[in-house]
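Input: a single structure, listed below in structure tokens.
The values are calculated or read from the model by the stated rules, or taken from the named source; none is laboratory data. As the structure is a prediction and not an experimental result, all values here were calculated from the model. Cβ sites come from the backbone with ideal geometry, for glycine too, and all protein chains shown count toward neighbours. Surface accessibility is based on the protein's heavy atoms, side chains included, excluding ligands, DNA and RNA. Shrake-Rupley method; radii C 1.70, N 1.55, O 1.52, S 1.80 Å.
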Amino acid sequence: MRPHLSMALPVALLLSACAQQVPNNPNGSGVTSAQAIEARDAALQGLPLEASGAGLAPLDATGAPIADSAEQTAADTTRILQQTSTTGTLQPVPPTVTNTIGISNENNFDAVSEQRSIESDAERIAQNRAQYQVIQPEALPERTGDDQPNIVAFALATSHPVGTRVYARAGLNGAARAARNCAQYPSPDRAQLDFLARGGPKRDRKGLDPDGDGYACSWDPTPFRSAAQG
């Protein structure tokens, strides 16, 4: 009897291994895992679950999907998508906007070749060359007919410092007269211009140069000399 039992035990184990595995479904709904996956994909794509042909099963005793199953994942996915959607339904993804402007005609060889040719470009270059002119530099024109004295030229033509008597002056109270008349000019440069225009430096008709140095109203030629020397 014992030999027969030892042979029957392996046979029973072999038969149990070949038996078809039944999904863990306490409700016996018979829904396969492929149907659950289809329900999950339908939820992700925003399709109604009825149209996908798959329910959310298997369910537990309370009627809820079993935790950690494909059915539970599909149910959670549907709930999250409905909560994040503004209208409660999934919105279709807008198509990608493509650039319909294209490149400009300047960069389009076909467009340029239709509008221009090698011959037309050569003609345009020849026209531009015909209009090209070379202007040679010329010397600056000299001033003519201008009797206005130039204080810069006068400063460079002199070399004695301010206060050195060079020209004779006559009259009393020369300093007071010079102060009174110099106040009529906005600057020493304008006073020197008028002084030279009235016959200075030899003549001083308005008493602008009482010390006879040839410089009216404290005008100083030093800055002009320094600028010329660099």
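Solvent exposure of S187, expressed as accessible area, is near 40 Å², computed with a probe of 1.4 Å over the protein chains only.
Projecting the Cα positions of P223, G212, G199 onto the charge dipole of the range 132-230 (unit charges on Cβ atoms of Lys, Arg, Asp and Glu, taken about the Cα centre) puts G212 furthest along the positive direction.
Using the Stokes-Einstein relation with a Kirkwood hydrodynamic radius computed over Cα pairs, the translational diffusion coefficient of the range 151-228 at 4 °C and a viscosity of 1.567 mPa s comes to 104 µm²/s.
Quick check: with the 1.4 Å probe, what order do L156, L208, L81 take by accessible area, largest first? Write out the running numbers ahead of the final one.
Working: L156 95, L208 5, L81 45 Å².
Largest to smallest exposure gives the sequence L156, L81, L208.
Here the range 134-230 is assigned +1 on the Cβ of each Lys and Arg and -1 on the Cβ of each Asp and Glu. Its dipole about the Cα centre then comes out at about 500 debye. Across R205, R225, R177, the residue with the most accessible area heads the list, and the full order at a 1.4 Å probe is R205, R177, R225.
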